[in-house]
2 protein chains.
Amino acid sequence: MSDAVDVIVGQWAAQRPDLTDELWPIEVLARIQRMNRIIEKQLKAFVAERDLEVGELDILTTLRRSGPPYTLTAGALIPAAMVTSGAITNRIDRMEAKGLVERVRDGQDRRSVRVRLTDQGREVAEKVMAEHLQHFASLLAPLDRDTCDTVASALRTLLKSHGDTSIG
Amino acid sequence: MSDAVDVIVGQWAAQRPDLTDELWPIEVLARIQRMNRIIEKQLKAFVAERDLEVGELDILTTLRRSGPPYTLTAGALIPAAMVTSGAITNRIDRMEAKGLVERVRDGQDRRSVRVRLTDQGREVAEKVMAEHLQHFASLLAPLDRDTCDTVASALRTLLKSHGDTSIG
DNA sequence: GTTAACAATCTCAACGTTGAAATAAAATCA
DNA sequence: TGATTTTATTTCAACGTTGAGATTGTTAAC
């Protein structure tokens, strides 16, 4: 059976037979793009039920998994989230208003802003992360673990080749 | 060697050992998300060199691969692009201003808008698509064809399970 | 043939991100 | 010390998308 990308590739093969041998990258990359849209849509619904935004969940989990004292500089959050500095400032603003994080000026380097999970923020993070993992698992239901491992490994190779090797 | 997602998973395993067995979905889904950001960034640079937007390339290629007369209704473009109707309207507006497409009112159903590639639009599509495929291939350089096929197959299964089986 | 239900597109305000410029602090060097 | 460069964050206008509602046209029911 075919998915939407099979249809796309089939149309190209019919329209431009000369390109048939060069369509294979679409099979991978277009599927990553389409799957990403599905993930984002699912994630949006998931966080909406918990009064969060997708970007806020991102900050929440990044701070939680960094371990005590659940504090990172704004700058460290940029590569972790793969967004620009302006987006991080906005997210912290919103989360600070919600009481999930607080800004702490660094005594050593007053240019830096240390973003710290509040007690409430940590509570939310603990609860949401467990649910988030179950939700994520359900999205992968049709694949067995071996297949997931194979895909993960290939994507790791790809990400490394594009320099996505560190988050700080 | 490890990528950014390995670091993330490692942090979680250290912080929440009780969740260790449930982290595997991250290995796949976080990598899809991060790879998607890289694809989008690459694509943005690619189209910028050609005076296009990513969404415009999407419309351009969708119309081209639909075959003569290179015409689809606005509604048909929605599932193809996986965006909302408002986004399609905006894209068509911009592309019409650039002379890449034209709106043709359907004589049969005057609610419908048929979006047609202009001659210029088709010329751009032909040229850009070949370059686009080469660019896409270069993004997958570190993977061999068998691996690509395996990943594509797994993602196809995933997409089908989420109902992404048709584009119109 | 009129009314109601449905369908396709457009409108528009709200939203989050980008990217460049501004601000402010620290580090480097003369 | 003072001047310059570098670093960290914030600001802000522009941009594209979303999602709800408005608009316009079609189909179905009576």
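Each value in this text was obtained by applying a stated rule to the coordinates, not by laboratory testing. Because the structure is a prediction, the values reported are computed rather than measured. Cβ placement follows ideal geometry from the backbone for every residue including glycine, while neighbour counts extend to all protein chains displayed.
Taking the simple approach of a point 7 Å from Cα along Cα-to-Cβ for both A:Ser166 and B:His135, what is their distance in nm?
2.9
Run the helix sum for chain A: -39,500 (n - 2.57) per DSSP H stretch of 4+ residues, divided by residue count, reported at 222 nm to the nearest 500 deg cm²/dmol.
Helices in chain A give a 222 nm mean residue ellipticity of -21000 deg cm²/dmol.
Pairing the Cα long axis of helix A:4-15 with the longest principal axis of chain A, what angle in degrees results, from 0 to 90 and rounded to the nearest 10?
Around 40 degrees separate the two axes.
Please list the non-local residues whose amide H lies under 5 Å from the amide H of A:Val113, H modeled 1.01 Å from N, same-chain partners needing a gap of 5 or more.
Placed amide hydrogens put A:Ala74, A:Gly75 under 5 Å from A:Val113.
So for the protein assembly as shown, what percent of the C-alpha to C-alpha distances run longer than 32 Å?
Tail of P(r) above 32 Å: 37 percent of Cα pairs.
Using every alpha carbon pair in chain B, what percent of pairs falls into each 10 Å bin from 0 up to the bin containing the largest distance?
8, 28, 31, 19, 10, 4, 0
Relative contact order for the range B:53-168 using alpha-carbon pairs under 8 Å, separation at least 6, rounded to a whole percent?
Relative contact order comes out at 27 percent.
Helix B:119-139 sits at what angle to the longest principal axis of chain B, using alpha carbons and giving 0 to 90 degrees rounded to 10?
In chain B, helix B:119-139 runs at an angle near 10 degrees to the longest axis.
So which residue of A has the beta-carbon closest to the axis that swings A onto B, and how many whole Å away?
A:Asn36, 2
Roughly speaking, what is the stretch gain from B:Thr157 to B:Glu96, that is 0.36 nm per residue apart minus the C-alpha to C-alpha distance, in nm to one decimal?
Result: 18.3 nm gained on full extension.
In 10 Å bins starting at 0, how do the alpha-carbon pair distances of the range B:81-161 split up by percent?
Answer for the range B:81-161: a P(r) of 14, 27, 29, 24, 5, 0 percent.
Ratio of Rg to Rh for the range B:1-49, alpha carbon only, Kirkwood?
1.18
Hey, what do the phi angles of the range A:73-87 turn into as Karplus ³J(HN,Hα) couplings, whole Hz, using 6.51/-1.76/1.60 and θ = phi - 60°, x for Gly and Pro?
6, 4, x, 5, 6, 5, x, 4, 8, 6, 10, 8, 4, x, 5
What nm value, rounded to one decimal, do you get for the distance between B:Asp106 and A:Ala45 when each label is placed 7 Å out toward the C-beta?
With each label point 7 Å from Cα toward Cβ, the separation is 2.8 nm.
Once both axes come from the Cα atoms, what is the angle between helix A:145-161 and the longest principal axis of chain A, in degrees from 0 to 90, rounded to 10?
Once rounded, the angle reads 80 degrees.
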